[in-house]
1. Stokes-Einstein D for region 316-408 at 10 °C, 1.306 mPa s, Kirkwood Rh over Cα pairs, in µm²/s?
2. ³J(HN,Hα) across region 59-68 via Karplus (A = 6.51, B = -1.76, C = 1.60, θ = phi - 60°), whole Hz, x for Gly/Pro?
3. Using a Gaussian network for the chain with springs between C-alpha atoms less than 10 Å apart, which of these wobbles most: Leu298, Leu397, Leu95?
4. How much length, in nm to one decimal, is gained on full extension between Trp212 and Leu28, taken as 0.36 nm per residue of separation minus their Cα-Cα distance?
5. Computed from these coordinates, which is Rg/Rh (Cα atoms, Kirkwood Rh): [x] 0.99; [y] 1.09; [z] 0.96?
6. Considering amide H positions built from the backbone, and no H for Pro or chain starts, which residues 5 or more places from Val74, or on another chain, come under 5 Å of its amide H?
7. May I ask for the distance between the Cα centers of region 337-378 and region 204-228, given as a whole number of Å?
8. Cut-off 10 angstrom, C-alpha nodes, Gaussian network model of the chain. Which of Leu274, Leu310, Leu204 fluctuates the most?
Amino acid sequence: MPAAVLLVHVVAGGATVLALGDTARHGLDDRGVALAFGLLVVVGELARWGDSGDRESAPLGAAGALAYALLGGVAGHPTQHGVGQVVSVTVAGALIGCVPHVARGKGPPLDHMVRRVLTVSFAAVLFQPLYNQGKLAQWFGDGAYYALLIAGLLALTALCDAVLAAVMAHARTRWPFGPLLRDELRAMLGIGSAVCATGAVMALAVAVAGLWALPVISLPLLLTQLAFRRYAAVRATYRQTITSLARATEIAGYTPHGHALRVAALSRSIGRELGLSEPDLTVLEYAALMHDIGQLSLLDPVAQGATAGLPTAQQRRIALLGGAVVRQTGVDAQVAVVVERQADPYREQPLTARIVRTANAYDEMAREEGPQGPLTALERLRLGTGRDYQPEVVEALARVVAHPGLSLGSAG
C-alpha cells in the first residue's frame, strides 16, 4: 500500500477509535435521534448498488451521515451530540449495513469507507463544536443565512472528499493529480450533488419538522439512485456491445485473440498517464476496441493482423473503412474520427489517435519478438518517434508497461 494511502487509512482508523472511545465513555446523547440516523445509514448501505468503480454507490447512507454531522436541532429543540457520536453512529451504521454485501463477497472498497469516515468527521468538526457553544445561532440565526451556512459546509465537505479521492488514486496509480481531481469534481455534479442537496435538506427539515421528515426526504434520493443504477446498466450494456463488435475481427481470423482488449487497456492507461479527462478516456477506449474493424473489408487477412507494417496507403484505406463502419453503429462520432485518423502522419492526428496508433504498434511488435518482445518493441517505437510516433506518447507507454499493476487482459 502506498505511503500516502496508508497514512489516510491510519488517520481514519485513529478518528474511528477515538470517536468510539469517546462515545463509550460518555454514552449516547439524544438516543432516538442517533438511532434514527444510524438506521438511515444502515438502509443506505443495504441499498448499495455497486461495489467498485462508482463515485458513490450508497448515496442514501452518505446523505444521512452528512445530515447527522450538520444536524443542529430536532423539531425546534437543540441537539447535544458531538463529533465523536456523529462518527460512531456513521461507522456503526455503515458496518451493519455492509454485512450482507460482505457475506456475498461484494463489500464496498475500503478506500470508500475511509473517505466516508474522514469527510463526515470533517463536516462534524466544522459544525458541531460551534453549534453546541451557541456560536452559530449567534452569528447566523435560524433563517436563510443558516441554510446558506449548511450548504456552504456541504460544499467544503464535497471538495474535501474529491481531494481525498484524487490523492489516494494518485498514490496508487501515479497518474497526474490534476486530471484526477478534475474528474472527481466533474463526478460530483452527478450523484454527488444529489447527496449534498439531500443531506442539507434533511438537516434543515428535521430541525423544523422532526424525524418524520427523514423518510419523506429520502424517497427522491432513492429514486435518483434507481435512475443512476439503470443508467450504469445501460452504459455497461453499451460497452459490452462495442466489445462484442470489436471481437468480430478475431472471430473472422483477421486479428489475434485479445488484441483489441490489450490495445484498449494500453490506450486507456497511456491516456491516464498523459492526463486525459474521463470523457476523452471513454472515447479513446472505444476507438481502441474498434481500431481494426476496417480489416473486415480485406479480401485476405493480414498475417497476425499486423497493420502497422503495411504501406501507408493501405493503412489509410483500412482506417477510413473502419471509421465508416463505426459511424453506422451509432457510436459517438468522436470514436469514428479517432479510428479514421490512425494512419495519418502523427503530427496531424488528435492525441487520442496517436495513442491508439502507438498502443497498436506496441502490441503487434511485442508479439512478433518473442520473450524479449516488450523491450524490443519499445526500442523500435523510440527509433520511430521522429517519423511515426509522438515521443511523449511512447515515453508514457514505457511508464505504463513498467507499472507492475497493469493488466492487459481487459480494458476499462
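1. Working: Rh = 14.0 Å.
Rounded to a whole number, D works out at 113 µm²/s.
2. The phi angles translate into x, 5, x, 5, 5, x, 5, 5, 4, 5 Hz.
3. Highest fluctuation among the options: Leu298.
4. Working: separation 184, 0.36 × 184 = 66.24 nm, distance 2.07 nm.
Full-extension gain reported as 64.2 nm.
5. Checked against the structure: label [y].
6. Close amide H contacts, sequence-distant or interchain: Thr79.
7. 51
8. Its mean-square fluctuation being the largest, the pick is Leu310.
The values are calculated or read from the model by the stated rules, or taken from the named source; none is laboratory data. Computed from a prediction, not measured in an experiment: that's the story for all the values here. Positions of Cβ are generated from backbone atoms using ideal geometry, with glycine treated the same way; all protein chains shown enter the neighbour counts. Ligands, DNA and RNA are excluded from the accessible area calculation, which covers all protein heavy atoms including side chains. Shrake-Rupley method; radii C 1.70, N 1.55, O 1.52, S 1.80 Å.
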